[in-house]
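These notes are about the structure you will find just below.
The values are calculated or read from the model by the stated rules, or taken from the named source; none is laboratory data. The structure presented is a predicted model; accordingly, all values stated were derived computationally and were not measured. Here the Cβ positions follow ideal geometry from the backbone for every residue, glycine too, while neighbour counts run over all protein chains shown.
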Amino acid sequence: MAKKPSAAKSKKDDAKKNEKLIAQNRKARYEYEVLDTLECGIVLVGSEVKSLREGRMSIDEAYGRIDKDEVWLVGLDIQEYRFANVQNHDPRRRRKLLLHRREIRKFATAAYQKNLTLVPLKMYFKRGRAKILMGICRGKKQYDKRESMKKRDTQRDIDRAMRRDR
C-alpha cells in the first residue's frame, strides 16, 4: 500500500517541531560564502547544557579546528550556569565535535587543503540533544559583500512591487 504524500510532509514538519534554536550566526552568512553544511553533535557537560537551555551563549567568534583526526570547536562562549557552584565549566574551553570518520575526512581535510574555514552557522536542540550546524566556508571579499547586499535589496524591491500589484 502506497504512503500518502501528506504523511511524508508531516514527518518533515515533526522534525522541525523537534528542533529548538539556541543561537544563529547571522554574521557568518555575510562574511563567508557557505559551500556545504554538516550537522554534528557536540560534547558538553551538564552546566553547559543548562546554560544553553537559558540561551546564554555566543557563537559569533567560534570556528572549527582539526587536531589529531578530531574536530574541535574553538571560541564558543557558553556562559557559566549561575546555580552550579563548584561544578561549573570554563566558558571558552575547546569543545569536541562528534563526527563520523568519513565525515571528518570529507569536510575537515577538504577545508584544510583548499584553505577554507569551518564556521558554526547555528546551534539547536534536536530531540533533546545539542546539535551544531557547521559550514565549510570561503571568506568573501569586500566587493562580494557589496554584490550580495545589492542582490538582496533588488529582491526586496521586486517583492514589494509584486505585493503592491496584487
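Couple of notes before you dig in:
- Test: residue in the range 95-110 that is touching a Pro at 6+ places or on another chain (Cβ under 8 Å) and touching a residue at least 40 places away in the same chain (Cβ under 8 Å): no
- Which listed residue is touching a strand residue (DSSP E or B) at 6+ places or on another chain (Cβ under 9 Å), within 14 Å of residue 38 (Cα to Cα) and of a type outside the set (Asp, Glu), from 116, 121: 121
- Hits in the range 64-101 - residues which are closer than 18 Å to residue 122 by Cα and among the aromatic types (Phe, Trp, Tyr): 72
- One residue from 94, 29, 56 being more than 20 Å from residue 114 (Cα to Cα) and surrounded by 16 or more Cβ atoms within 10 Å (Cβ to Cβ): 56
- Across the range 43-63, the number of residues qualifying as closer than 19 Å to residue 126 by Cβ, in contact with a helix residue (DSSP H, G or I) (Cβ under 9 Å, 6 or more places away or on another chain) and modelled with pLDDT of 85 or more comes to 2.
- Single residue of the range 111-156 satisfying the filter (of a type outside the set (A, V, I, L, M) and surrounded by 20 or more Cβ atoms within 10 Å (Cβ to Cβ)) that is modelled with the lowest pLDDT: 137
- Filter result for residue 68 (under 30 Å from residue 149 (Cα atoms) and surrounded by fewer than 17 Cβ atoms within 10 Å (Cβ to Cβ)): no
- On inspection, residue 35 does not qualify as in contact (Cβ under 8 Å) with a residue 24 or more places away in the chain and either buried (at least 20 other Cβ atoms within 10 Å of the Cβ) or within 12 Å of the chain's Cα centre (by Cα) (or both).
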